[in-house]
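Step one of this worksheet: look at the structure below.
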Amino acid sequence: MHVQLNVTGYSQYNEAILTKYHSSACGPTTIYIILNYLKHHANFSVNDLYKQLGGTKIGLFKWKLIKNLRKLLGPNWNVRSCSLYEALEQLDQGRPVAMKFDRYFTFQWKYKSNYKYHWVPLIGYEINEDELYLIIHDNGWKNRGSQIRKVRYSDNFKVLSFVKIEEII
């Protein structure tokens, strides 16, 4: 089985983003990508989202993202933490999910995962020989745009969390 949404990536190192935000702009960049995909035509830049969501030099806490994004989007949006199963359902319904790798606040300092602390848009998944792979945009790097990557769920499950963002109709 394979599901992959046609989501346009964006680099957290884009020249439009303030240089002082680059290394910690993965959370606001992830939300920017998801809101653009969901065609929420608000005038949010990554710089605006960094401030409004509560970004810090060490990143964006999940609880703060949820609280502030709810406030920003209003009552017609459901923004909340979700399970892997719910995240996959969101993808099946055509909605990307904010996914966070976090070794530090899960106390998994020595755990080998694809990232230590990083938000990414989850844009798809693939099941191949009974193995689940998550398809993400990596939010770029210095001198490189965002790239689509596949990460093995079993290599990362201890440090992953998910936030769904859906409009209530």
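The values are calculated or read from the model by the stated rules, or taken from the named source; none is laboratory data. Every value quoted in this text rests on a predicted model; they were computed, and no experiment measured them. Neighbour counts run over all protein chains shown; Cβ positions are idealised from the backbone, glycine included.
So, in region 123-148, exactly how many residues are part of a strand (DSSP E or B), over 16 Å from Leu84 (Cα atoms) and in contact (Cβ under 8 Å) with a residue 24 or more places away in the chain?
4
If only one of Lys71, Lys39 is modelled with pLDDT of 95 or more, among the basic types (Lys, Arg) and either surrounded by fewer than 19 Cβ atoms within 10 Å (Cβ to Cβ) or assigned to a helix (DSSP H, G or I) (or both), which one is it?
Result of the check over Lys71, Lys39: Lys71.
Read through the list (1) surrounded by fewer than 18 Cβ atoms within 10 Å (Cβ to Cβ); (2) in a helix (DSSP H, G or I); (3) modelled with pLDDT of 95 or more, then give the number of the only condition that Asn6 fails.
Here Asn6 clears every test but (2).
For residues that are assigned to a helix (DSSP H, G or I), within 17 Å of Tyr21 (Cα to Cα) and of a type outside the set (Val, Ile, Thr), tally how many sit in region 42-63.
The total comes to 7.
Is there any pair with a first residue in region 45-72 that is over 15 Å from Lys100 (Cα atoms) and a second that is of a type in the set (Phe, Trp, Tyr) whose Cβ atoms are under 6 Å apart and which are 6 or more apart or on different chains, and what are they?
Val46/Tyr32; Leu49/Tyr32; Tyr50/Tyr21
Tell me which residues, restricted to region 74-93, are touching a Phe, Trp or Tyr at 6+ places or on another chain (Cβ under 9 Å) and assigned to a loop (DSSP other than H, G, I, E, B).
Result: Ser83, single match.
Exactly one of these conditions fails for Gly27: (1) free of Cβ contacts under 8 Å to residues at least 40 places away in the same chain; (2) in a helix (DSSP H, G or I); (3) of a type in the set (Gly, Ala, Ser). Give me its number.
With (1) free of Cβ contacts under 8 Å to residues at least 40 places away in the same chain; (2) in a helix (DSSP H, G or I); (3) of a type in the set (Gly, Ala, Ser) applied to Gly27, the lone miss is (1).
Does region 152-169 hold any residues that are touching an Asp or Glu at 6+ places or on another chain (Cβ under 9 Å) and of a type in the set (Phe, Trp, Tyr), and which are they?
Tyr153, Phe162
Could you check Val151 against (1) buried (at least 18 other Cβ atoms within 10 Å of the Cβ); (2) in contact (Cβ under 8 Å) with a residue 60 or more places away in the chain; (3) assigned to a strand (DSSP E or B) and say which number it fails?
If we test Val151 against (1) buried (at least 18 other Cβ atoms within 10 Å of the Cβ); (2) in contact (Cβ under 8 Å) with a residue 60 or more places away in the chain; (3) assigned to a strand (DSSP E or B), just (2) comes out false.
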